[in-house]
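Here the structure is laid out as C-alpha cells; the discussion comes afterwards.
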Amino acid sequence: MYMVLLGPPGAGKGTQGEKLKDKLGLIHIAMGNLLRETVKKKTPSGEKVRAFMEEGKLVPDGVILELLKNEIELEKEGFILDGFPRNLSQARKLDEFLDKEAEKLDLVINLEVKKAVLIKRLRGRLICSECGKVYHKSKIDHSMEICKDCGASLLQRNDDNSDIIKKRIEVYLEHTHPLIDYYRKKKILRNVQGEGTSEKVFQRIMDLFKEKKIA
Ligand SMILES: [Zn+2]
C-alpha cells in the first residue's frame, strides 16, 4: 500500500506516520528526516542534497524522487510518505514515478487542524538533533531534555517561532489547495479531523479502514 499523509506543519503527520508504520508494517518516510539522514551519509546523493541545503535552496524534485526510489527498492510492500508531495507538480511527478514502478498511490490522508491549534502545537515543539523525533514541551521531563530513542539533545527548530510558523502554515495552505483537489478527483483523498490526542486521531484513521472507506 502506498499512502501519503497531508497536513500543515504541526498537523501530526510524523506522529501518525509512525503509528501507521507499526500497525500496517509499512515503511514511514518523513521527507525532512530522509533528507537529513541522506546528508549525513557521505554518498554521492548525500553530497548532492547537502549542496542544495547549504545554499538554502529547495532540493529538486528529481533528487527527492531518486531517494524515494532507493527506499522503495528496500521495501516493496509500500510506504507511508509525509512531507512530500507539497504541491501539484510534485504530486504529478510522484504519480509518474509510481507508474513506472507499476505501482499507484492508494490513499491520501488529509489531517485537518485549525490554525490556532497548529500554532500552539508548533510553539512547544522540540526536535531531536540526531534522529528528528518530535517531542512537545508540555509532555517531557524538563530535567531530561534528551531523546528517548537515541539520547541526543532536543532542540527547538528555529523556524518554529510565531511569525515564521504563521507564514509556514499560510504557504502550506496556498500550495496544497490544488493538491487536495487533485487527490479528491482521483477519489483517494480522505479527510481526517486531526485535533485531540494522537491516539484519538489514530483511531479516526483506523476507522477509515474498518468502514472500508478505503479502496
Ligand atoms: Zn533521537
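Remarks
- The peptide list 144-154, 28-38, put in order of mean Cβ contacts within 10 Å with the highest first, becomes 28-38, 144-154.
- Inverse mean reciprocal Cα-Cα distance (Kirkwood Rh) of the chain, Å: 18.1
- Each of Asp61, Asp141 has its accessible area taken with a 1.4 Å probe; listed largest first, they run Asp141, Asp61.
- Given Lys187/Lys210; Lys69/Lys186; Lys42/Lys139, the pairs whose alpha carbons are separated by over 28 Å: Lys42/Lys139
- Sulfur and carbon atoms: percent of accessible area, the stretch 1-127 [1.4 Å]: 52
- Antiparallel beta bridges, as assigned by DSSP with both residues in the chain, represent about 25 percent of the total such bridges.
- Where His136, His175 fall by accessible area, highest first, once all protein chains stay in place (1.4 Å): His175, His136
- Each stretch of four or more DSSP H residues adds -39500 (n - 2.57); spread over every residue of the chain, this sum gives -15500 deg cm²/dmol at 222 nm.
- Val63 - accessible surface, heavy atoms, 1.4 Å probe, Å² rounded to 10: 20
- Remark: the chain carries 56 Å² of accessible area per residue (probe radius 1.4 Å; ligands, DNA and RNA excluded).
- Exposure of Glu73 as accessible area (Å², to 10), given a probe of 1.4 Å and all protein chains: 100
- Solvent exposure of Thr197, expressed as accessible area, is near 70 Å², computed with a probe of 1.4 Å over the protein chains only.
- Sequence of Met53, Met206 from largest to smallest accessible area, 1.4 Å probe: Met53, Met206
The values are calculated or read from the model by the stated rules, or taken from the named source; none is laboratory data. If you're wondering where the values come from, they're calculated on a predicted model, not measured in any experiment. Virtual Cβ from ideal backbone geometry, glycine too; neighbours counted across all protein chains shown. In case anyone asks, the SASA skips ligands and DNA or RNA and just uses the protein heavy atoms, side chains included. Shrake-Rupley method; radii C 1.70, N 1.55, O 1.52, S 1.80 Å.
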